[in-house]
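The values are calculated or read from the model by the stated rules, or taken from the named source; none is laboratory data. Computed from a predicted model, the values in this text were never measured in an experiment. Here the Cβ is made from the backbone with ideal geometry for all residues, glycine too, and neighbour counts use every protein chain on show. Ligands, DNA and RNA are stripped out before the accessible areas are found, and what is left, the full protein with its side chains, is counted by its heavy atoms. Shrake-Rupley method; radii C 1.70, N 1.55, O 1.52, S 1.80 Å.
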Amino acid sequence: MTIRPATADDHDTLRELWEEFEGGLDQEPYLRENWDEAWEDLAATVDEGVALIAEEEDGRPLGFVFCVLGSHGRRTAHVTDIYVRPEARGRGIGRALLAELVEPARAAGLEHVSLEVLVRNTDARRLYDRLGFAPVDTLMVAPLGAFAERIGSDERPRSFGSLHVQTDDETGVERAVAQFIPRVGRTAWTEVSASANGWVIVIDELCDRDRSAQRRLGAELSDRMGVPVVALALEEEAVVRFLLFDRGRMVDEYLSVPTYYGDLNKADELSLAANATLVARLTGADPGSVRAVARNASAPSELPPARELIGQIAAVMKLEARIEW
């Protein structure tokens, strides 16, 4: 494998590679470019920045990298595009392409290298983490309709919750709820129903909008019935929370984005990770599945949509996520 500078004469080769690259990104339509739009910037990089092609010894192209050197007010060697063909991956070609940027960056008087990567591109992110890259900013996208609706309202998006009591005594749960709800607060409605998996489900208007009310009711039901209780919540259509109660004590709490409501110290942030061992003991879930699904992130965009995530978590616990749809 060799690496050489790209020239304008490589237009057709670069187009072939770039269209493979763009097609493999699985990007949303509003983020996609066509070749003619891309080539205007890439041609400038060929002339003024660093543009390299990796090739087999027989000349077959394997990948490329494009890097601008401190332009557009950015004092970094900024990697705009890097691609290695799928069949050539695992050979260190991407790393080798990036290594070729060190000397041009130093010659340009630059002290940092930057790049952009899709949140869901986990393979690339692992490589960049190992090479010392760290997140600095985040591109955030919102549908215009949803943005227009929310920017015109002071109301926060709604939250929904459900309590799951590990018993088949539906009547006993109904009596306990009727006793405890007035102590917790005023509610517009409450529903108690049995599910097919051996848990009794409680949904309540007050618990939807007040997480402390859901927490109190979950503890009371666990204490009264002497069984585990799981409180599931979809909060502000953005994050997922669950609480585990055992004989009246809360024994675990999970929040998909621990810093969603504000910065936390590291200990508090770590405390909001799921305890897979406890979840398994109280619900019968597979611990490995809990770890795979109940992940934490620094932003909702790094996880599946919250409604999808709460369904996944409920399924792992063998519960029904009775969230208003």
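Things to note:
- The set of residues in region 150-170 that are surrounded by 11 or more Cβ atoms within 10 Å (Cβ to Cβ) and out of contact with any strand residue (DSSP E or B) (no Cβ under 8 Å at 6 or more places or on another chain) comprises ARG150, ARG156, PRO157, ARG158.
- Listed by position, the helices (runs of 4 or more DSSP H) enclosed by region 212-294 that each have at least 2 residues that are within 30 Å of GLU155 (Cα to Cα) and open to solvent by 40 Å² or more (accessible area, probe 1.4 Å) are 266-271.
- Residues satisfying the stated conditions in region 297-320, i.e. in a loop (DSSP other than H, G, I, E, B) and open to solvent by less than 60 Å² (accessible area, probe 1.4 Å): ALA297, ALA299, LEU303, PRO304, MET317, LEU319
- Single unsatisfied condition, PRO104 versus (1) without any contact (Cβ under 8 Å) to a residue 60 or more places away in the chain; (2) over 21 Å from ARG4 (Cα atoms); (3) not hydrophobic (A, V, I, L, M, F, W, C): (2)
- Flag if ASP154 is farther than 27 Å from LEU309 by Cβ and at pLDDT below 95: no
- Qualifying residue in region 107-124 (condition: part of a strand (DSSP E or B), within 25 Å of ALA8 (Cα to Cα) and touching a Lys or Arg at 6+ places or on another chain (Cβ under 8 Å)): yes
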